[in-house]
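Report on one structure; see the data block that follows.
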Amino acid sequence: MEDPNLLKPLTPAPFPNPNLVDQWISASKINETEVGGRFRPLSEITEVCQRCKEHIEWKRRYGKYKTLTEPAKCQRCTKRTVRQSHHKLCAACAKEQRVCAKCCCCIEQIVGKDLAEVESKQK
């Protein structure tokens, strides 16, 4: 008797890893009918260390970054003042404590401009 598995036709190769395909980013669910649609600019990454900045950039590049719909609560002052996603501290607490707003580790050099400085330059 012959093995029934040998009689099956060859199946095509499996799909490549979706994280490696450039079109994977375009498959993210963005409402194209909204103003700005697919080309909505992301906010600048501020008040974080270099390691956290690279981590957030990776999330943006591969479509894993989710923006905040409403301000989050700061873990130090417990006010709803965190305006950037993946941050734990508000900009004021991070600046006062001289820590990264995402991982809360002490840092000497903060990557990115302060939002208050950017707004003052625009005026």
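Coordinate-derived values only; no laboratory data. Just so you know, these numbers come straight off a predicted model, no measurement behind them. Don't worry about glycine lacking a Cβ; one is built from the backbone with ideal geometry, like all the others, and counts go over all protein chains shown.
Simple spin-label estimate for residue 80 and residue 105 gives 3.2 nm between the two label positions (7 Å along the Cα-to-Cβ direction from each Cα). Taking all C-alpha pairs of region 44-123, those more than 19 Å from each other amount to 35 percent. In this label model, residue 57 and residue 73 are separated by 3.3 nm, measuring between points 7 Å along each Cα→Cβ vector. Placing unit charges on each Cβ (+1 for Lys and Arg, -1 for Asp and Glu) gives region 44-123 a dipole about its Cα centre, and among 55, 99, 68 the Cα reaching farthest toward its positive end belongs to 68.
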